[in-house]
Amino acid sequence: MLDLCQLIFGAVIDLLRSRATLEAEILVLRQQINVLRRRNPKRLRFGSIDRLILGGVCRLFPKTYETLAIVRPDTVIRWHRAGFSLYWRWKSRRRCGRPIVPLEIRRLIREVSIANPLWGAPRIHGELLKLGIDVGQTSVAKYMARRRGPPSQGWKTFLRNHADGIVAMDLFVVPTISFRLLFGLLIMGYGRRQILWLGVTAHPTAEWIANQLTEACGWEQTPRYLIRDRDRAYAEIFVRRVRSIGIRDRPTSPRSPWQNAYAERLIGSIRRECVDYIVVFGERHLRHVLLSYMDYYNALRTHLSLNKDAPVPRGAERVGTIVCRPILGGLHHQYARI
């Protein structure tokens with residue numbers, strides 16, 4: 001840096017000197033260079049300042065290439081090109097580009113794209129804007145989950161969309177205090193595992209079952225499909241009633257209770273949580289017990305398949321004093337705030 005300052009100061013002084021003095025000085029400098037070249041035949045080393053001065057001056061005044069004695073003109077040109085490359089690399093350096101998307105938002109974009117395969121980047125971008133997340137649409141497209149084929153819904157979504165139009169029914173046996181057998185009829189909806197009807201009789205005829213189905217489903221909001229087993233109680237009268245209502249009857253295969261798994265599972269819950277702990281006196285008593293359990297099951301009892309919610313949605317209570325109310329004589333309890 002000191003050499004550069006001395007050079008600039010010398011150039012300013014030379015502007016005030018006569019031409020003859022400058023020519024004499026140039027002659028002396030050339031002779032000194034000849035002496036240095038004879039004493040130092042090895043290759044000389046140049047610093048960055050030396051290269052900058054020689055390359056810049058020779059670029060501005062091309063005729064000065066002829067005066068170069070300790071370096072080749074091609075070397076000076078190579079220095080100039082290297083300086084040009086460094087200059088534009090500095091001009092093209094990365095300043096402040098697009099901000100980095102946080103990891104939480106990237107995970108959210110991926111989860112949304114996986115959960116909604118029919119959504120594209122504009123749709124997901126709109127949802128993020130409604131959530132107060134300011135991110136570009138191109139960033140959303142970048143962090144979406146990649147798919148090999150066209151978007152398609154999953155089997156879980158497909159089955160849930162058709163579950164509201166399916167009901168299942170089955171008969172179960174309950175012994176009384178006098179060892180008589182009573183038959184309970186269960187009708188449940190697949191949508192939210194809700195009990196639609198619980199009937200009790202000592203003689204389950206086809207006409208009685210058809211009447212119970214009509215009262216449970218009605219004539220206006222009938223289900224699309226009915227799943228049942230091949231019990232002989234479902235005789236021709238029942239089949240005709242089902243067809244007249246507009247329900248498609250789908251009996252299960254012989255000896256295949258797993259094909260009506262939801263109804264079988266619910267009957268098991270009724271036994272384990274209710275009738276196995278009660279001595280039934282008669283048909284009226286059993287009907288009262290089953291209706292009480294149906295109210296508890298639909299409105300209060302939480303289910304794993306419903307994300308710990310009841311078939312009839314039950315809101316969370318956060319304010320008030322917790323009280324306990326017995327159900328089925330204390331067999332179960334309801335906890336609520338008042």
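The values are calculated or read from the model by the stated rules, or taken from the named source; none is laboratory data. Note that this is a predicted model, so its numbers are computed, not measured. Please note: Cβ atoms are built from the backbone with ideal geometry, for glycine as well, and neighbour counts cover all protein chains shown.
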Practice task
Quick one: which residue in 132, 184 is outside the structural domain of residue 243 (by TED's automatic domain parsing), of a type outside the set (D, E, K, R) and either without any contact (Cβ under 8 Å) to a residue 12 or more places away in the chain or not in a loop (DSSP other than H, G, I, E, B) (or both)?
Solution key: 132
Handout entry: Any hit, region 68-79, residues being surrounded by fewer than 13 Cβ atoms within 10 Å (Cβ to Cβ), in a helix (DSSP H, G or I) and at pLDDT 75 or above
Key = no
Completion exercise
Those residues of region 282-301 which are in contact with a strand residue (DSSP E or B) (Cβ under 6 Å, 6 or more places away or on another chain) and free of Cβ contacts under 8 Å to residues at least 60 places away in the same chain amount to 296, 300
Problem - Hits in region 196-245 (condition: part of a helix (DSSP H, G or I), over 23 Å from residue 259 (Cα atoms) and among the hydrophobic types (A, V, I, L, M, F, W, C)) - result: 208, 237, 245
Exercise for the section: Return a yes/no flag: does region 168-178 have any residue that is touching a Pro at 6+ places or on another chain (Cβ under 7 Å), assigned by TED's automatic domain parsing to the domain that holds residue 269, in a strand (DSSP E or B) and surrounded by fewer than 17 Cβ atoms within 10 Å (Cβ to Cβ). Expected result: no
Practice task
Confirm whether residue 104 is modelled with pLDDT of 90 or more and of a type in the set (Asp, Glu).
Solution key: yes
Handout entry: Residue that is farther than 19 Å from residue 262 by Cβ, of a type in the set (D, E, K, R) and not in a helix (DSSP H, G or I), where the choices are 284, 314
Key = 314
Practice task
Could you grab the pairs with beta carbons closer than 7 Å, sequence gap of 6+ or different chains, first residue in region 235-257 and in contact (Cβ under 8 Å) with a residue 24 or more places away in the chain, second one part of a helix (DSSP H, G or I) and acidic (Asp, Glu)?
Solution key: 237/207; 257/264
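Condition check ((1) touching a Ser or Thr at 6+ places or on another chain (Cβ under 9 Å); (2) charged (D, E, K, R); (3) farther than 25 Å from residue 156 by Cα) across all residues:
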{"site": "188", "(1), (2), (3)": "no, no, no"}
{"site": "198", "(1), (2), (3)": "no, no, yes"}
{"site": "224", "(1), (2), (3)": "no, yes, no"}
{"site": "227", "(1), (2), (3)": "yes, no, no"}
{"site": "255", "(1), (2), (3)": "no, yes, yes"}
Completion exercise
Restricting attention to region 152-167, the residues that are among the charged types (D, E, K, R) and assigned to a helix (DSSP H, G or I) number exactly 2
Fill in the blank from the handout: Counted residues in region 317-338 being part of a strand (DSSP E or B), hydrophobic (A, V, I, L, M, F, W, C) and either within 33 Å of the chain's Cα centre (by Cα) or more than 22 Å from residue 198 (Cα to Cα) (or both) come to 4
Problem - Options 210, 168; residue that is small (Gly, Ala, Ser), over 30 Å from residue 113 (Cβ atoms) and in contact (Cβ under 8 Å) with a residue 60 or more places away in the chain - result: 168
Practice task
Go through the residues of region 189-206 one by one and say whether even a single one is among the polar types (S, T, N, Q), at pLDDT 90 or above and under 42 Å from the mean Cα position of the chain (by Cα).
Solution key: yes
Handout entry: residue 265, sole failed condition from (1) among the basic types (Lys, Arg); (2) surrounded by 14 or more Cβ atoms within 10 Å (Cβ to Cβ); (3) without any contact (Cβ under 8 Å) to a residue 12 or more places away in the chain
Key = (2)
Exercise for the section: Look at residue 221 and say whether it is surrounded by 11 or more Cβ atoms within 10 Å (Cβ to Cβ) and more than 25 Å from residue 269 (Cα to Cα). Expected result: no
